[in-house]
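Taking it in order: structure first as structure tokens, then the write-up.
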Amino acid sequence: DCKTEVSLEIENMMQATDKQLYQLVEWAKHIPHFTSLPMDDQVLLLRTGWNELMIAAFSHRSMGVRDGIVLATGVTIYRNSAQQAGVGMIFDRVLTELVTKMRDMQMDKTELGCLRSIILFNPSVRGLKSQAEVESLREKVYATLEEYTRLTHPQEPGRFAKLLLRLPALRSI
């Protein structure tokens, strides 16, 4: 029954979203200096960046899968299921603008972690009490990522910029 199948896919996506939101908070707690920010700022930063942070995580998790997205629960969603659930356009954009590019450049977990930290430490979020500290933390992550790419990929001088160019795609999805 097609309707039951669609309901099951939507249920899978909802469960995965719940799990990934929990994992996101746990991940953030392990980011250096995040928990030293005021609790209100931590909540604001997570509320503002959760969607980009989740999309980055499942895009990277999906690099080894052809034409599919691996959810936090381990379930892989393919194009037909995404279309039936009403998210076909977003699915296609995630695959072409993120998963394929991450796969092509063989983005590693350290690079992903730095990009996600850059997203998390967003000094432009309205209402931050510690905006200067958040900006300083983001700048430290930029410097760390630049140094890391220089050391691990000396043959790719443009890698740092290439990584940062994934951020506008993430933001627009």
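The values are calculated or read from the model by the stated rules, or taken from the named source; none is laboratory data. As the structure is a computational prediction, the values presented were derived from the model and not from experiment. A quick note on method: Cβ atoms are made from the backbone with ideal geometry, for glycine too, and the neighbour counts reach across all protein chains shown.
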Original post:
In segment 127-173, how many residues are touching a residue at least 60 places away in the same chain (Cβ under 8 Å) and either assigned to a loop (DSSP other than H, G, I, E, B) or basic (K, R) (or both)?
Top reply: 7
**OP:** For segment 38-78, name all the residues that are more than 21 Å from A169 (Cβ to Cβ), modelled with pLDDT of 95 or more and in a loop (DSSP other than H, G, I, E, B).
**Re:** P38
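Would it be correct to say that N80 is of a type outside the set (D, E), under 12 Å from the mean Cα position of the chain (by Cα) and surrounded by fewer than 19 Cβ atoms within 10 Å (Cβ to Cβ)? Reasoning before the result, please.
Details: of a type outside the set (D, E): yes; under 12 Å from the mean Cα position of the chain (by Cα): no; surrounded by fewer than 19 Cβ atoms within 10 Å (Cβ to Cβ): yes.
Here the answer is no, as N80 does not meet what is asked.
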**OP:** Just name the residue that is surrounded by the most Cβ atoms within 10 Å (Cβ to Cβ) out of those in segment 130-145 that are among the acidic types (D, E) and more than 13 Å from P38 (Cα to Cα).
**Re:** E135
Original post:
Hey, M107 hits all of (1) in a helix (DSSP H, G or I); (2) under 16 Å from the mean Cα position of the chain (by Cα) but one; which does it fall short on?
Top reply: (1)
**OP:** Please indicate, with yes or no, whether at least one residue in segment 71-89 is over 18 Å from N51 (Cα atoms), free of Cβ contacts under 8 Å to residues at least 40 places away in the same chain and touching a Gly at 6+ places or on another chain (Cβ under 6 Å).
**Re:** yes
**OP:** Please determine, by comparing only the residues of segment 28-37 that are surrounded by 12 or more Cβ atoms within 10 Å (Cβ to Cβ) and part of a helix (DSSP H, G or I), which one is nearest to the chain's Cα centre (by Cα).
**Re:** A28
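Matching residues to (1) modelled with pLDDT under 70; (2) under 17 Å from K129 (Cβ atoms); (3) of a type in the set (F, W, Y):
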| site | (1), (2), (3) |
| --- | --- |
| C2 | yes, no, no |
| E5 | yes, no, no |
| E9 | yes, no, no |
| M14 | no, no, no |
| Q20 | no, no, no |
| V25 | no, no, no |
| S36 | no, yes, no |
Original post:
How many residues does segment 93-117 contain that are over 16 Å from A161 (Cβ atoms) and hydrophobic (A, V, I, L, M, F, W, C)?
Top reply: 5
Subject >> Residues located in segment 103-129, provided they are buried (at least 17 other Cβ atoms within 10 Å of the Cβ) and among the acidic types (D, E) >> reply: E111
**OP:** Pick out the one residue from R66, R47, R61 that is basic (K, R) and either touching a Leu at 6+ places or on another chain (Cβ under 6 Å) or within 25 Å of S130 (Cβ to Cβ) (or both).
**Re:** R47
Original post:
Do you know which residues across segment 17-71 are polar (S, T, N, Q) and in contact with a helix residue (DSSP H, G or I) (Cβ under 7 Å, 6 or more places away or on another chain)?
Top reply: Q20, T35, Q42, S59, S62
